[in-house]
Amino acid sequence: MNYSRLMSLSKRKTERHFTLVEMLVVVGIMGLLMYISMPAFAKLAKGYGIEAGTTQVKNALEKARATAILNSEYVALLMPHRDEPGATLSDKYIHKAYRLCYVDGNAYDDDGTAGMPYLWAYQFKSWIPGEEWEHMPTGTSILEADQEGATTDDIDVISTYHQRVDLVNCTDIGGASNVQDIHAVVFKPTGEIDKSVERYVTMGESTYSGGNIVHTNKLNRKILKIDQYTGRISYGNK
């Protein structure tokens, strides 16, 4: 018997294959480890969703400001909110979406009935070419866009100094041609926010469905501030 054949036989004797039982044990251990680690991965994903969503909205606000300056127009970043009466938008857009549009700069004051917030109402002119509805990451929402930056407090409390846009044409997404009261941040052609009252946009781990908003983690809130004098956007609370 030659040397190469001896080596082949020796190697074959030392080789050992896993049995079916051993493979099943390994697969079971891997499955258990994945099951244990799933909550941590889910929490990590939600945390990343808030970070990503906040960056998205900040970029959209900066684009709205730049567009207002470039085109000498009043530009609004629309953010549909659940308290818009008669809004025919689906749940897919309420607290979850945003879009840029041109608005009429002749806003009117509307303080509504007693106890209602002070509002600045604008009229929709047209969508900005090339802009579409954008959505927040799954499990995250735009909670507020007003003068108050909500942290862990209940965002359902009526807040002051909303900016809103009326008569918005939402037929392209199955809505009405004159949707009222869509919350917004409005920039003047100078790049300032109109009416010179600071604005805060609050994001959170929340979901909206059927008229209800559920906060899955009130401690994880991110706030963007729009400076009342310059219109510049920054991270942070009040």
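Throughout, read-outs are computed from the coordinates displayed, never taken from laboratory work. Predicted, not measured: the structure shown is a model, and the values here were computed from it. Cβ sites come from the backbone with ideal geometry, for glycine too, and all protein chains shown count toward neighbours.
Pull up all non-local amide H partners of His162: gap of 5 or more, or a different chain, and H-to-H distance under 5 Å with H placed in the peptide plane.
Tyr118, Trp120
For Asn178, enumerate residues with amide H under 5 Å from its amide H, sequence gap 5+ or separate chain, H modeled in the peptide plane.
Counting only residues 5 or more places away or on other chains, the set is Cys170.
Using modelled amide H (1.01 Å from N, peptide plane; none on Pro or chain starts), what sits under 5 Å from the amide H of Thr216, excluding residues fewer than 5 places away?
Ser206, Thr207
Tally Lys and Arg at +1 and Asp and Glu at -1 over the other residues with C-beta under 10 Å from the C-beta of Tyr229: what net charge comes out?
Every neighbour counted, the sum reads -2.
Would you mind calculating the gained length between Val21 and Asn59 on full extension (0.36 nm times residue separation, minus the Cα-Cα distance), in nm to one decimal?
Result: 8.3 nm gained on full extension.
Once the piece of chain linking Leu219 and Leu32 is laid out straight, how much longer is it, given 0.36 nm per residue of separation minus the C-alpha distance between them?
Net length gain for the segment: 64.4 nm.
In whole Hz, what ³J(HN,Hα) sequence does the stretch 88-98 give by Karplus (6.51, -1.76, 1.60; θ = phi - 60°), x for Gly and Pro?
9, 7, 6, 4, 4, 10, 6, 6, 10, 9, 8
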